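I have placed the structure first, in the form of structure tokens, so that the comments after it can refer back to it.
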Ligand code: NDP
């Protein structure tokens, strides 16, 4: 009998862990997985999936408002029922969690619904049943958790993205702290669902690191939707009041709110996991340090997804988990290719992006061409709305290769997913130009953008 009960023991049944366990089992390995919360992880339970459902809910507000311009008469003012949305979301994520679990069991993976901690290079302990399991390989796929920054008095009155999905009552006045993905997405959702939203952040604009044109377009779109954006400001204290909360700001102002959402980043979920005792090297934020093969400095302990704090996106965790299992048990040598990762920010207006920003391209390439357009969305022609679509193509002026595409507007996430294929294949601007347009669509602008907006040549002297 083998000295190991499992070939692979996975800690954390989120996107990356579940994929690794299933693929490993498919290769004939004995796989086990432990989850202390709910099977499905952040993405399914309190991240991407419920967020997108709430985004859908929020966008009906625009549809109701626009309907009259297209000949519709609504018999009465639409009303939004928060509790109904929360219940519908809960039913859907429970269904998905059930599917995840069923698929694990169908694949032959043994599932433990309790916390597991690492005891050593080949040992984990299930904390509730106090069972110790010896495994040939251990995979840490515990994801991340919200951080509460900056540390100010009264922070305990604020909530994170973990709680906001299930609030007992809809917050009529919401303050969002932070300017990243999570902050802007929830600000847009709650504003359209009817809340008075104020977003405060320390930078000059939201979404630091995104292409400037997208940041500016989103700021305009959010402001147009009635969201108060307070830049270059930090919170200094939160206190309870008779009818809610009051937040004090570094500029001397105060804001009254029903809820305050802190969205100032996430940190790897490694606390108390026993990794240091097992000799696993962590970085300064607690992320598991791994090589290109997702293996830590301890040969038998691996990590995928947000717990490595590399690129914190669900599809990355899934790909890392999948290829790790292929390498460990399927005889593959393939490593993850991180080039041209498409991402979307599910704000309204939405942002879709793949490849380099203008700033990154100008840093890396001698000659950079920009093709940019901004136009009124076709739907807005009848409604008189102000929604604009912004498209930006970034090209290496020397090779004509497309380096990045950034789109702000409806369905930009869907567009960018497909564009990512052509960029990965090495598409040139000439290939975009040679592609037939699909009319009438917003996406056709991507293949009819002939006039260069700018060319930047680096002074090599
Ligand atoms: P982000 O890293 O995107 O944003 C963090 C925000 O908090 C930034 O605005 C940052 O400011 C601010 N911040 C950080 N520290 C402090 C501080 N001490 N005081 C004040 N402000 C601070 O984190 P999120 O929490 O929004 O998202 C976490 C991760 O989840 C993302 O990196 C992303 O990968 C993933 N995600 C992806 C989504 C998608 O793909 N659609 C959706 C949601 C999350 P500054 O810019 O000045 O540093």
Report summary line: So the angle from the long Cα axis of helix 181-192 to the longest Cα principal axis of the chain, reported in degrees to the nearest 10, equals 50
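If we sort 262-268, 252-258, 297-303 on the protection proxy, mean other Cβ atoms within 10 Å, highest first, what's the order? Don't skip to the answer; put the middle values down first.
Working: 262-268: 21.7, 252-258: 15.1, 297-303: 20.1.
Descending packing order for the listed peptides: 262-268, 297-303, 252-258.
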Query raised in the report: Over the Cα atoms of the chain, how large are the radius of gyration and the largest Cα-Cα distance (Dmax), in Å?
Result: 24.0, 74
Query raised in the report: What is segment 51-171's relative contact order, in percent, from Cα pairs under 8 angstrom and six or more apart in sequence?
Result: 16
Report task. Mind pulling the angle between the C-alpha long axis of helix 412-424 and the longest principal axis of the chain? Nearest 10 degrees, somewhere in 0 to 90. Result -> 70
**Report entry** Calculated P(r) of segment 226-300 - Cα pairs past 18 Å, %
**Finding:** 60
Query raised in the report: If you line up the long axis of helix 212-224 against the longest principal axis of the chain, both from Cα atoms, how many degrees apart are they, to the nearest 10?
Result: 70
Query raised in the report: Based only on the alpha carbon positions, what is the Kirkwood hydrodynamic radius of segment 379-461, in angstrom?
Result: 14.2
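So what is the relative contact order for the chain, in percent, with contacts set as C-alpha pairs under 8 Å and at least six apart? Before the final figure, lay out each step's value.
Working: 982 pairs, mean separation 70.6, N = 461.
Averaging sequence separation for qualifying contacts and normalising by length gives 15 percent for the chain.
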Report summary line: segment 23-66 and segment 258-313 have their Cα centres apart by a whole-number Å value of 20
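Would you mind telling me the antiparallel percentage of the DSSP bridges in the chain, rounded to 5? Display every interim value, and only then the final one.
Working: 51 of 79 bridges.
Roughly 65 percent of the DSSP beta bridges within the chain come out antiparallel.
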**Report entry** segment 273-346 - Rg and Dmax from Cα coordinates, angstrom
**Finding:** 13.0, 40
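Values in this text are rule-based calculations from the coordinates and carry no lab data. Just so it is clear, the structure is predicted and the values come from calculations on it, not from any experiment. With ideal geometry, Cβ positions are generated from the backbone for all residues, glycine too; neighbour counts draw on all protein chains shown.
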